[in-house]
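Here the structure comes first, spelled out in structure tokens, and everything after it is commentary.
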Amino acid sequence: MPKVIFQNHPYTEKERIEPFLITKKEVVPFIFPNPKDARMDYSDISYMYLSTNEITCSYYEISPGSWVEIPDYHPGDEVYIVLEGTLTMLNTEAGQVVQVHEGECLLMPEGAKHCGFNFEQKKVRTMSFIAPKIFTEAGFPTDEIGRHKVYNGKLKPEEFRKYTWCETKNRAGVLDDLGAWPADGPESRKSPFFHFVPEDKKLLAIHGLDNPVLMKVSVSNDYLNVVELVIPSGGKGARMTDPDQHPNEAFLYMDKGVISVLIHDTGETFQIREREGLYIPKGMTYQLFNYESETMNVFLCTKCL
Ligand SMILES: [Fe+2]
């Protein structure tokens, strides 16, 4: 089994100019945190799909009753989408706790210190999208080990830090919010808070005129976009999207089902199956087809829509 090389996975010496399917062979498990840095009894099992200089897309699981000791943080924004279970996230610097349920999203702006717990009797399965970079040259952060702002019965109100809250948007989103959802990127990074995006706070938009599909935007800022395309079956033939392209690298992920992807530039057809991904180089035009008999939910991560 190959090793994960962060910011170059799957490993290549060449420029990435061709699309490729990320099947189970390319998905590499790794234990987080790094075994030499921290206690292994508090770890999770992660699976790396794609890691470039623009985006890192991985999947992880926390078993019932487990938690990840090391407070993690990144030189980029990190977005979680919980696929199954309830993930309890602690912001170790702010003492902020958020429960993220199946289908919900959490945005952790650049530098926000985070660690995850599973207090349920069901496995937590989560996708993680990070942009632009997962780590600095120093690798996994270890300077925060053991530092958690938690209730210990000794907290004094006068010692509580007063935060300035950044804008919370309670209104439904509009298309013009693309690029600043759930908050403006640079503004959100001025404070250490997580931004919670439950199902009813996702920015909804219609994607495509000829072949409209529902687009659920969890996060859209200057670092990354994490979007779910909801593609029903039926309709006129196989239900499909309009052709789309992005100025940056893109990653598509299927948790369940199968989606067919036509790459217009090369004429190739890829099928992304359960827990597989597809890498699409910058600028390539692709179109998604649902030939199945049920709705397909496709996750997309890219810097610019
Ligand atoms: Fe992280």
Orientation-averaged projected area, Cα convex hull of the chain (nm²): 16.8 nm²
Among Leu252, His264, Met284, the residue whose Cα sits farthest towards the positive end of the charge dipole of the range 200-302 (+1 at Cβ of Lys and Arg, -1 at Cβ of Asp and Glu, taken about the Cα centre) is Leu252
List the lysines whose alpha-carbon lies under 27 Å from that of Lys282, not counting same-chain residues fewer than 8 positions away? Lys3, Lys14, Lys24, Lys25, Lys133, Lys202, Lys216, Lys256, Lys303
If you rank Tyr49, Tyr60, Tyr151 by fewest surrounding Cβ atoms within 10 Å, what's the result? Tyr151, Tyr60, Tyr49
Summing -39500 (n - 2.57) over the DSSP H runs of n ≥ 4 in the chain and dividing by its residue number, what mean residue ellipticity at 222 nm do you reach, to the nearest 500 deg cm²/dmol? 0 deg cm²/dmol
Sorted from fewest to most neighbouring beta carbons within 10 Å, what does the list Leu178, Leu224 look like? Leu178, Leu224
Given a Förster radius of 22 Å and the C-beta distance between Lys123 and Arg39 as r, what FRET efficiency does 1/(1 + (r/R0)^6) yield to the nearest 0.05? 0.60
Amide N of the range 284-305 lying under 11 Å from the label point, which is placed 7 angstrom from the Cα of Ser233 along Cα→Cβ: 290-296
Round to the nearest 0.05 the FRET efficiency obtained for Glu137 and Gln245 when R0 = 25 Å and r is the Cβ-Cβ distance. 0.20
Ordering of 91-102, 14-25, 68-79 by packing [mean C-beta count within 10 Å, highest first]: 68-79, 91-102, 14-25
Just grab the label-to-label distance for Asn53 and Leu214, each label 7 Å out from Cα along the Cβ direction, in nm (one decimal). 3.9 nm
Of Tyr59, Tyr80, Tyr11, which has the largest mean-square fluctuation in a 10 Å C-alpha GNM of the chain? Tyr11
If you plug each phi of the range 279-286 into the Karplus form 6.51 cos²θ - 1.76 cosθ + 1.60 with θ = phi - 60°, what whole-Hz ³J(HN,Hα) values come out, in order, with x for Gly and Pro? 8, 10, x, 4, x, 6, 9, 9
To the nearest 0.05, the calculated FRET efficiency linking Thr285 and Val150 through their beta-carbon distance, R0 being 30 Å, is 0.05
Of the listed peptides 290-302, 267-279, what is their order by residue-averaged count of other C-beta atoms within 10 Å, with the highest listed first? 290-302, 267-279
Which of Val174, Val258 comes first, and how do the rest follow, when ranked by fewest Cβ neighbours within 10 Å? Val174, Val258
Sequence gap at least 6, Cα distance under 8 Å: using those rules, report the relative contact order of the range 200-302 to the nearest whole percent. 32 percent
Extent of the range 200-302 along each principal axis, from alpha carbon coordinates, in Å, largest to smallest? 36, 35, 29
In whole Å, how far is the Cα centre of the range 241-296 from that of the range 18-65? 22 Å
With +1 on the Cβ of every Lys and Arg and -1 on the Cβ of every Asp and Glu, and nothing else charged, how large is the dipole of the chain about its Cα centre, in debye rounded to the nearest 20? 560 debye
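Bear in mind these aren't lab numbers, they're just calculated from the coordinates by the rules spelled out. Keep in mind the model is a prediction, meaning the values are calculated, not measured. Glycine also receives a Cβ, built like all others from the backbone with ideal geometry; neighbour counts cover every protein chain displayed.
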